[in-house]
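The next block holds one structure in the form of structure tokens; read it before the comments.
Every number here is computed from the coordinates shown, using simple stated rules; none is lab data. As the structure is a computational prediction, the values presented were derived from the model and not from experiment. Quick reminder, even Gly has a Cβ in these numbers, built from the backbone with ideal geometry, and neighbours come from all protein chains shown.
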Amino acid sequence: MKDILFYQLFEEQSSTYTYLIADLQTKEAAIIDPVWETAERDLKLIRELGLRLMYILETHIHADHITGASELRKNTMAKTAASALSEVDCADILLEDGQVISLGEKEIKAISTPGHTNACMSFIFEGMVFTGDSLLIRGTGRTDFQGGSSSKLYESITQKLFSLPDETQVYPAHDYHGLSNTTIALEKKLNPRVGANRSAQDFKKIMDELQLATPKKMHIALPANLGCGKLEIVKTMNPQIILGIPTVSNEDVFQKIGRVKIIDVRSFEEFSGELGHIKTAQLVTMGSELTKFLENGDRFEEIVFICRSGKRSSQATEESIRLGYKFTSSMAGGMVNWNEKYLPKE
């Protein structure tokens, strides 16, 4: 690899790996899965090395972080490339399975590897494959949202990725255990989900039994990434969503009365006071009472948390997500907004 450049970079908050690759003869470079928070770091490195950033390659529409694509595009002439199935209208290049991109005198081959999402791509370059969230080190991506499919992911890994030469170096988009890379041979042998000739049925059973929390930034990351990480999209969103906390409007809660569990986390005095409370709301005061409720609750029940202004309900929602709840949200603006809109109360 004397005539190429390769950097593996890390973003701690989301445990995301970003990869910078280049042809040293022409100084043309590509970056794979950049992160918004570390875009300035990446730009500085690109400039220090005297590279010309040609491409920003997205392995998929990320749910756990905002892409740095928009920030990089502002400061370079780079083109964004994503799967044609991703519905990213702002992408300059919509990639098809098997499409080849020239990088100086080298080539990057894009292969479709759906399953984690329906629009996942892996990129092959000079004996390396960048697998995004499809194949991880001793693991795989989840398959429970964004058009995920355990059968598709199993096929993508066993029929496509495992057909690459055994010595191929595998570089995923994430690792949570301090590892940096693996090989196709090692994953064929040691991967506990798809290695050692495990069947599609084995894999489906494993994936069906996982109980994973929703990514904290999912409700901001998905819309932002569909817009190539444009800051303008982020700035117009509810501040609670920017913190990664799902929110619902007063009107949505009103429509859902009787169909979802409404938990009011205020004190008894507030619940019975001037602002009143929503019909069917259950009082579970913030603190030890709420902690006990969350520890013993149904992780798959749809719950809306309510408070005076939205701050405590956001904290309750964040804690519920940390504990593995799948369908919780905070009512934006709390009972103050509810009263301002003259919605019914008790």
The relative contact order of the stretch 4-209, taking Cα pairs under 8 Å that sit 6 or more residues apart, comes to a percentage of 15 percent
The stretch 1-67, Kirkwood Rh and Cα Rg, ratio Rg/Rh at 0.97
Log entry: pair-distance distribution for the stretch 241-340, C-alpha pairs binned every 5 Å from zero, whole % per bin is 3, 15, 28, 28, 19, 7, 1
Here, Leu212 and Leu186, labelled 7 Å along Cα→Cβ, have an inter-label distance in nm of 2.1 nm
With the 8 Å Cα cutoff and a minimum separation of six or more residues, the stretch 241-340 has a relative contact order in percent of 35 percent
Here, Asn197 and Phe300, labelled 7 Å along Cα→Cβ, have an inter-label distance in nm of 3.4 nm
Excluding residues fewer than 8 positions from Lys326 in its own chain, the aspartates and glutamates with Cα under 12 Å of it are Asp144, Asp298, Glu301, Glu302, Glu318
Simple spin-label estimate for Arg52/Lys311, 7 Å along Cα→Cβ, in nm, reads 5.3 nm
proj_area_mean for the chain (convex hull on C-alpha atoms), units nm², value 18.7 nm²
Protection proxy (average C-beta count within 10 Å per residue), highest first, orders 41-54, 128-141 as 128-141, 41-54
In Å, the Kirkwood estimate of hydrodynamic radius for the stretch 76-152 over Cα pairs equals 13.2 Å
In this structure, among Lys152/Lys217; Lys261/Lys341; Lys27/Lys160; Lys256/Lys311, pairs with alpha-carbon gaps over 28 Å are Lys27/Lys160
In nanometres, the difference between 0.36 nm per residue of separation and the alpha-carbon distance of Ser15 and Glu107 is 30.3 nm
With Cys307 itself left out, Lys, Arg at +1 and Asp, Glu at -1 over residues whose Cβ is under 9 Å from its Cβ give +2
Taking a straight Cα-to-Cα line shorter than 15 Å from Lys79, and setting aside same-chain aspartates and glutamates fewer than 8 residues away, one finds Glu28, Asp33, Glu58, Glu71, Asp89, Asp92
Length gained, Asp252-Asp92, 0.36 nm per residue minus C-alpha separation, equals 54.0 nm
Bridge orientation stat for the chain from DSSP, antiparallel percent rounded to 5, came to 55 percent
What the 5 Å binned alpha carbon P(r) of the stretch 4-209 shows, as percent of pairs per bin from 0, is 1, 8, 17, 21, 21, 16, 9, 4, 2, 0
